1. Please check which bits of the range 54-94 a label hung off ARG102 would reach, taking the label as a point 7 Å along Cα-to-C-beta and the cut-off as backbone N under 16 Å.
2. Using a Gaussian network model of the chain whose springs link C-alpha atoms within less than 10 Å, name the residue from LEU47, LEU113, LEU101 with the highest mean-square fluctuation.
3. Restricting the calculation to Cα positions, tell me the Rg (one decimal) and the Dmax (whole number) of the chain in Å.
4. Just rank TRP91, TRP51, fewest to most, by other beta-carbon atoms within 10 angstrom.
5. Quick one: compute the contact order of the chain, relative version, from alpha carbon pairs under 8 angstrom and 6+ residues apart, as a percent.
6. Which of GLY49, GLY89, GLY26 ends up with the largest GNM mean-square fluctuation for the chain, with Cα atoms connected below 10 Å?
Amino acid sequence: MDPAATDAEPAQAPSGGIRGYMERHGVQASDVPKAIALHEAMGLSWLAGSWWACYRLEPSSALAGGLADRFPSLADRAAAMERAKVRFGRWSAALTWIPALRSVDRPRLALALAESMVCRNVLRPATVPGKLLLCYWLIR
């Protein structure tokens, strides 16, 4: 053991953890609640927007119908999609307790919710980092 090494001052531990990271990047502790609220607001708007888009565009019907037209061997898939719509129609009867949804096509609304969930999950590897980066930019 080197005697000079024992006489030296102990090395400073780098300011670590979340607090040190936030301080290095100019984020104050008071910014955290704002960032969480902003992140959740973006998530809810992404949910509502994707649900609305799927309700309007009907991606599964367009995909199933288009594939069945091009590939007759996939006609059974289009029929399965129609059967799924009937099942969603039965499930969507539970939506009658929401007065605003009594006048909409509830089976289509329920199917659009399922489609939007699939779309959001497929796009999640891009949207989560994007929302975090956008929160960081907006908070700073």
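Derivation of every value follows stated rules applied to the coordinates shown; laboratory data play no part. Predicted model, so just to flag it, every value in this text is computed and none were measured. Methodologically, a virtual Cβ is constructed for each residue, glycine included, from the backbone with ideal geometry; neighbour enumeration extends over all protein chains shown.
1. 93-94
2. Maximum fluctuation in the GNM of the chain, among the listed residues, is at LEU101.
3. Over the chain's Cα set, Rg and Dmax evaluate to 25.7, 84 Å.
4. Final ranking by Cβ density, sparse to dense: TRP91, TRP51.
5. So the answer I get is 30 percent.
6. Top of the fluctuation ranking is GLY26.
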